[in-house]
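We did not get these values from a lab; they are worked out from the coordinates using the rules stated. Bear in mind the structure is a predicted one, so any value in this text is a computation, not a measurement. Don't worry about glycine lacking a Cβ; one is built from the backbone with ideal geometry, like all the others, and counts go over all protein chains shown.
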Amino acid sequence: MDFSKFSSIGIGPVNIQIWGLLVAVGMLFALLLAVKEAKKKKMNSENFIDIFIIIFIAAIIGSRLFYVGEHWDMFKDDWLGIIKLNYGGLVFIGGALLASVSVLAYTKLKKLSFWKSFDIIAPGAALAIAIGRIGDYLIGSNIGSRTSFFLGSYYQGDLRNEPSLYLAINALILFLFLILLKPFVKREGLMAYIFIVWYAIARFLIDFTRSIDLDTLSDPRYVGLTITQWICIGLFIIFVPLLSLKIAKGKK
């Protein structure tokens with residue numbers, strides 16, 4: 001298939017943006033799953049509505065600021081362009097980091113357990129990522145490296161990887177794994193740790209399929225790795241030992 005896909009659906013006089021629609025659908029499904037799980041655990045489900053509003057706002061701000069930081073040359077002479085989301089793009093890891101810090105602050109304020117809340121959110125978050133990444137795939141937002149892989153798409157005559165599609169598939173598998181695992185998990189934080197470690201490993205590996213030969217469309221590299229890969233290394237170093245300890249304690 002050709003890399004150029006479609007970005008909107010026309011319904012009468014209205015054009016609905018595919019990416020925005022799928023992100024909203026993903027967030028809605030994640031919220032519904034979290035509210036259902038919160039009620040099952042006898043937690044106040046309204047707190048999770050607040051949490052998802054915080055996640056939505058913080059994710060947009062964080063992902064945009066991260067993109068601007070990575071591509072500062074595009075914005076240093078046009079500061080107004082920073083708030084134009086159709087100028088440039090977003091970086092998922094930046095949104096995830098700011099959303100996490102914001103939710104941490106909210107749970108502290110409300111005297112809630114951050115990790116218990118994360119456990120409840122984790123499966124739905126994986127599903128939301130999968131649906132959102134399908135949106136990225138459909139609009140052709142990420143051009144990957146050259147490949148012979150059958151899931152690739154053609155761009156300017158070259159068959160190239162589809163990082164967004166790979167991330168969507170990975171997130172869907174993670175969602176299914178967490179849903180199947182959930183009935184057996186008793187220790188607080190375990191679902192959250194699994195989510196973080198799984199995502200860090202998968203994202204680190206999948207980022208190698210991103211393009212490095214397209215000047216304006218390739219992510220900046222730092223000692224051969226994207227900034228997201230360096231953050232994933234940090235998450236791996238921190239959370240693999242924590243996950244190991246959590247599992248070990250569960251066996252006692």
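For a quick check of your reading of the filter: which chymotrypsin sites (Phe, Trp or Tyr not before Pro) in region 130-210 sit in a DSSP loop and have no more than 10 other Cβ atoms within 10 Å?
Details: sites: Y137, F149, F150, Y154, Y155, Y166, F175, F177, F184, Y193, F195, W198, Y199, F204, F208; in loops: F149, F150.
Passing both the DSSP loop test and the Cβ count: F150.
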- Only one of the listed values, (1) 17.3, 50; (2) 18.2, 74; (3) 18.9, 63, was derived from the coordinates as Rg and Dmax of the Cα atoms in Å; which label is it? (3)
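Over region 20-175, what is the mean sequence separation of C-alpha contacts under 8 Å (at least six apart), divided by residue count, expressed as relative contact order in percent?
Details: 191 pairs, mean separation 40.5, N = 156.
Reported as a whole number, the value is 26 percent.
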- Item | Spin-label model distance (nm) - V185 vs Q156, 7 Å beyond Cα toward Cβ | 4.2 nm
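How much length would be gained if the chain were fully extended between I233 and I53, taking 0.36 nm per residue of separation minus their Cα-Cα distance, in nm to one decimal?
Details: separation 180, 0.36 × 180 = 64.80 nm, distance 2.87 nm.
Full-extension gain reported as 61.9 nm.
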- Nearest 10, in degrees from 0 to 90: the angle of helix 92-109 to the longest Cα principal axis of the chain is 30 degrees
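Evaluate the relative contact order of region 142-227 (contact order divided by residue number), counting alpha-carbon pairs under 8 angstrom at least 6 apart; express in whole percent.
Details: 79 pairs, mean separation 26.8, N = 86.
For region 142-227, the relative contact order is 31 percent.
How high is the FRET efficiency from H71 to K42, r the C-beta distance, R0 51 Å, rounded to 0.05?
Numbers: r = 46 Å, r/R0 = 0.90.
Using R0 = 51 Å, I get an efficiency of 0.65.
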- Task: Mind pulling the angle between the C-alpha long axis of helix 45-70 and the longest principal axis of the chain? Nearest 10 degrees, somewhere in 0 to 90.
- Result: 40 degrees
- Cβ-placed point charges (K, R +1; D, E -1), dipole of region 29-122 about Cα centre in debye, nearest 20: 720 debye
- Query: By a straight-distance test (C-alpha under 30 Å), which lysines pair with K116 as possible cross-link partners, with residues fewer than eight away in the same chain excluded?
  - Reply: K36, K39, K40, K41, K42, K108, K182, K186, K246, K249, K251, K252
- Task: Taking the chain as the reference, fit the longest principal axis to its C-alpha atoms, fit the long axis of helix 163-181 to the helix C-alpha atoms, and give the angle between the two in degrees, 0 to 90, nearest 10.
- Result: 10 degrees
- Message: Which residues among region 155-180 fall inside the zone where the amide N is under 14 Å from a point 7 Å beyond the Cα of D213, along Cα→Cβ?
- Response: 155-161
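Count neighbours as other Cβ atoms within 10 Å of each site's Cβ, and list the trypsin sites (Lys or Arg not before Pro) in region 86-167 that are DSSP loop with at most 16 such neighbours. Please list the in-between numbers first.
Values: sites: K108, K110, K111, K116, R133, R146, R160; in loops: K110, K111.
Here the sparse-neighbourhood loop sites are K110, K111.
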